[in-house]
1. Name the residue that is nearest to Asp101 (Cα to Cα), counting only residues in the range 140-157 that are crowded, with 21+ Cβ neighbours inside 10 Å and without any contact (Cβ under 8 Å) to a residue 40 or more places away in the chain.
2. Take the range 54-81 and flag every residue that is part of a loop (DSSP other than H, G, I, E, B) and either at pLDDT below 95 or touching a Pro at 6+ places or on another chain (Cβ under 7 Å) (or both).
3. Across the range 82-127, what is the number of residues that are under 13 Å from the mean Cα position of the chain (by Cα), among the charged types (D, E, K, R) and not in a strand (DSSP E or B)?
4. Quick check on this structure: which one of Val84, Val90 is crowded, with 17+ Cβ neighbours inside 10 Å, modelled with pLDDT of 90 or more and under 25 Å from Val171 (Cα atoms)?
5. Which of the residues spanning the range 53-70 are closer than 17 Å to Glu13 by Cα, exposed (fewer than 14 other Cβ atoms within 10 Å of the Cβ) and without any contact (Cβ under 8 Å) to a residue 40 or more places away in the chain?
6. Which numbered condition in (1) within 17 Å of Thr174 (Cβ to Cβ); (2) among the acidic types (Asp, Glu); (3) surrounded by fewer than 16 Cβ atoms within 10 Å (Cβ to Cβ) is the only one that Asp73 fails?
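The values are calculated or read from the model by the stated rules, or taken from the named source; none is laboratory data. These numbers were taken from a predicted model, which means no experiment stands behind them. Cβ sites come from the backbone with ideal geometry, for glycine too, and all protein chains shown count toward neighbours.
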Amino acid sequence: MIPASDDFLTVNEAARILRVSATTVRNWSADGRLEEHRTPGGHRRFRSTDVQQLARTITPQSKPLLLVIDDDDAIRFVLREAFVSVGFEVVEAESGLLGLDALDQRPPSAVLLDIMMPGIDGFQVMKYLSQFGVKVPVLVMSALGSRVEERALELGADGFVSKPFDIRDLVLRTRRLIDDRTTRPVPTPRR
C-alpha cells in the first residue's frame, strides 16, 4: 500500500525520467533495482526519490534511439525485438499523437512511421516534422502502393518500406540512414 505522505510516479512517468521503456521499469522493479508499491487497485507506483536516485546511477546511453510509430501491436513488438537485439534503444508510440509527444520528449536517431493510423496519420506526422523543421531520418512503412510512397517522399520521408518487410533489410536501411546523418546536426523538435 502506498504511504500518503510520499510523491509517487506511474510506470510511464518513471520511464520518462529514466529514459527507458515502461517494460524496462517493470523489469528493474522485478529484479529489485527499483522498489515498487501498489495502489489499492494493484497498479505499480514508484517513489519519486527512488526514481531520481536510480536516474543518477544510470550511465548515459550511447545506443541509437529509434522511435516506432505504428498502431499495430504485433508490428511494434517485432520491430522492438529486432532493433533491441542489435543494440538500439526503442521507444514505441501507438498513434501519431503519441509519436509527436515522444518526439518532443527525446529526439530520436530515426523514426519508423506507419501511414494508416486512426486520428493523426503518418502523413500528418510528416507535415508536422516539416512545418517545425524537425530533422530526423524517417522511414515510412505501409502496405499501400506507390501513391503512398510518392506522397511520403514528397512530404520529406527518407525512404519507404513495403509491408510485409524483411526485418534484416529494415535494420540495415535504418542504420544507414542514421550513419548518413551523424555528421549533420539534428535540431530538437519545437512546437
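1. Of the residues in the range 140-157, the ones crowded, with 21+ Cβ neighbours inside 10 Å are 140-141, 152, 157.
Filter once more, so that each one left must be without any contact (Cβ under 8 Å) to a residue 40 or more places away in the chain: 140, 152.
Details: Val140: 18, Ala152: 21 Å.
Filtering first and then ranking leaves Val140.
2. First pass over the range 54-81, keeping only residues part of a loop (DSSP other than H, G, I, E, B): 58-64, 70-72.
Of everything in the range 54-81, those that are part of a loop (DSSP other than H, G, I, E, B) and either at pLDDT below 95 or touching a Pro at 6+ places or on another chain (Cβ under 7 Å) (or both) turn out to be Ile58, Thr59, Pro60, Gln61, Ser62, Lys63, Pro64, Asp71.
3. Qualifying residue count for the region: 4.
4. Details: Val84 fails: crowded, with 17+ Cβ neighbours inside 10 Å.
None of the others qualify; the one that does is Val90.
5. Taking the range 53-70 as the starting set, the residues that turn out to be closer than 17 Å to Glu13 by Cα are 53-56, 58.
Checking the rest, the ones that are also exposed (fewer than 14 other Cβ atoms within 10 Å of the Cβ) come to 53, 55-56, 58.
Gln53, Ala55, Arg56 - these are the residues of the range 53-70 that are closer than 17 Å to Glu13 by Cα, exposed (fewer than 14 other Cβ atoms within 10 Å of the Cβ) and without any contact (Cβ under 8 Å) to a residue 40 or more places away in the chain.
6. Against the list (1) within 17 Å of Thr174 (Cβ to Cβ); (2) among the acidic types (Asp, Glu); (3) surrounded by fewer than 16 Cβ atoms within 10 Å (Cβ to Cβ), Asp73 comes up short only on (1).
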